[in-house]
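See below for the structure under consideration.
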Amino acid sequence: MSDVPLREYIDVRLCELEKRINQSFTSTAKAVEKAEAAANEKAEAHNGLIRQMQLKEGKFATHTDVENGFKILEERMAAVDNARASREGVERGMSQLWGFIVTGVSALATAIAALAYFKMGS
């Protein structure tokens, strides 16, 4: 056998075992800290993305907003079409009126000339 007493041998072995366990705990604690830091970094990036999406959310139109916008545009276009049609009708009417006036004046001038011709000839 060896010259080392059993108690001393067990103490040495327990100290070595305790050192290994402490090293293992230290390594595990460092790994946990790194994992927590990485998880926090990911969470911050995720939260930043969510914040960006929330900020942009108000900038995009919803389906209802787009439909309402198209309805308003259709109403305005209908009003413009009606006004154009009315204006064209008025213009057409004015054109016809001027035609009637010119025809009337021409007929009157012809009638006056014919009367003048017949009165002079008689």
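What follows draws every value from the coordinates through simple rules; no lab data is involved. The structure displayed is predicted, hence computed values, not measured ones. Quick reminder, even Gly has a Cβ in these numbers, built from the backbone with ideal geometry, and neighbours come from all protein chains shown.
When ALA61 is tested against the conditions (1) surrounded by fewer than 10 Cβ atoms within 10 Å (Cβ to Cβ); (2) not in a helix (DSSP H, G or I), the lone failure is (1). Residues in the stretch 91-108 include at least one that is out of contact with any Ser or Thr (no Cβ under 8 Å at 6 or more places or on another chain), surrounded by 10 or more Cβ atoms within 10 Å (Cβ to Cβ) and of a type in the set (Lys, Arg).
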